[in-house]
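Worksheet: one structure, shown below.
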Amino acid sequence: MKDDLVMNQLTRIPLSGTFELTARCNLRCKMCLVRLDPGRMAELGGRERTAAEWIDMASQVKRAGTLRLLLTGGEPMLREDFSEIYEAIAGMGFYLTLYTNASMLNEEIFGLLRRLPPHKLGVTIYGASAETYKNVSGDANAYEKTIKGIKRLSELPSEIDLQTTIIKDNLSDFDAILKLGAALNKGKKMDVSRIVTMPVRGAQADAAGCRLSPEENVALHFHEVKYLYEKLQPLGKWQEFAEYFIAKDKQQASAKRVRERSKPYLYGCEAGVDSYCISWDGRLLGCQLLDGAWTLPFETGFEQAWNDFPNQVRLPKPDETCVRCEMSGNCAACPATRLAETGSLTGPVDYFCREAFSIQPFSLREKPGK
């Protein structure tokens with residue numbers, strides 16, 4: 001284990017960071033893995049860091065080598081001092097990404113973003129109607145506010161990634177969500193998340209009650225492929241996409257197996273090696289989904305916290321059942337999702353096993369649905 005730590009210490013550079021400015025949100029989405037109400041935050045014993053602390057931390061991570069920085073939450077615009085934080089950090093030269101639900105965009109913040117646009121914006125669309133928004137997030141009015149917010153954000157020179165997470169409450173809206181996203185984002189394909197893991201770090205979500213079954217996930221995946229076929233086939237682009245998709249899938253499966261056996265990786269991925277997350281309560285974590293190992297950058301300074309982080313990670317040996325599994329290339333499990341589902345960083349997760357084994361051999365060279 002000590003040799004591994006030495007290797008990690010020599011090869012680690014904090015290139016990509018996530019600042020989780022708050023765990024609070026104006027929405028109450030059933031599947032959110034992060035959201036906390038103020039009362040729950042107090043129970044957990046943490047406190048949100050001040051604007052001055054986040055701005056100083058940004059200066060520290062810049063000196064340490066961070067190039068890409070994501071500002072997220074919760075909903076970061078819920079903070080009364082969001083503009084102060086954003087303006088200071090936007091002037092530091094990061095490749096800056098901002099995640100927001102777009103329903104709290106006001107004239108002050110929009111003016112700030114127009115003056116200092118982020119390189120990228122990520123916005124999640126939870127439904128294609130006010131009724132679906134109410135079912136998913138508890139707020140029917142958020143639908144209209146989100147659409148209005150996305151249209152305003154589209155005026156910026158920033159790249160926009162529209163995303164959606166599909167659960168039981170918006171499954172019937174799936175096609176409509178894709179069409180809405182394409183209409184709002186110049187035809188660009190949305191990022192679709194089908195898999196919802198159990199909440200992390202005390203978050204208040206009902207993942208088990210709202211998420212699709214593994215079998216429904218697989219059916220939705222092939223439904224999305226069919227949707228792409230219907231869009232690309234008339235343009236003569238399906239064959240090109242199919243070949244790219246198959247090659248990329250094989251490459252990712254191979255890379256995953258290499259990472260799981262590679263010493264320079266703490267978790268089998270980039271977490272804690274060239275990327276990190278600083279949580280709303282001031283902990284440095286491998287990523288936003290991880291827990292169990294952390295350091296305290298606001299107390300010790302970022303550089304020391306980053307250098308000390310590998311010493312906190314106690315990753316068991318890979319479970320041989322998973323390593324030898326013939327479906328490992330289709331498995332969505334990683335140490336973070338395993339931890340969320342089972343409390344352990346390694347070993348099989350029934351939910352992901354069922355999904356992986358539900359995927360039947362499928363050739364994208366053929367028309368979906370055959």
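Values quoted throughout were computed directly from the atomic coordinates according to the rules given, and no laboratory measurement underlies them. Predicted model only: the values in this text are computed from it and were never measured. With ideal geometry, Cβ positions are generated from the backbone for all residues, glycine too; neighbour counts draw on all protein chains shown.
Couple of notes before you dig in:
- Annotation: aspartates and glutamates with alpha-carbon distance below 15 angstrom to Lys151 (same-chain offsets under eight excluded): Glu107, Glu159, Asp161.
- Segment Lys151-Glu108, extension gain: residue separation times 0.36 nm, minus the distance between their alpha carbons: 13.9 nm
- Neighbourhood charge, 10 Å Cβ-Cβ cut-off, centred on Cys25 and excluding it, Lys, Arg +1 and Asp, Glu -1: +1
- Highest average packing first - 345-354, 116-125, Cβ atoms within 10 Å: 116-125, 345-354
- Computed E for Asp56/Ser344 - FRET, C-beta separation, R0 41 angstrom, nearest 0.05: 0.70
- FRET efficiency estimate (nearest 0.05) - Cβ-Cβ, Ser193 to Val323, R0 45 angstrom: 0.95
- Extension gain from Arg68 to Asn311, taking 0.36 nm per residue of separation minus the Cα-Cα distance: 85.0 nm
- Inter-centroid distance (Cα atoms) of segment 319-345 relative to segment 154-206, Å: 25 Å
- Label positions at Glu131 and Lys179, each projected 7 Å from the Cα along the C-beta direction, are separated by 1.6 nm.
- Over 32 Å between alpha carbons, listed pairs Lys134/Lys189; Lys30/Lys188; Lys62/Lys317; Lys62/Lys134; Lys120/Lys168; Lys145/Lys188: Lys62/Lys317; Lys62/Lys134
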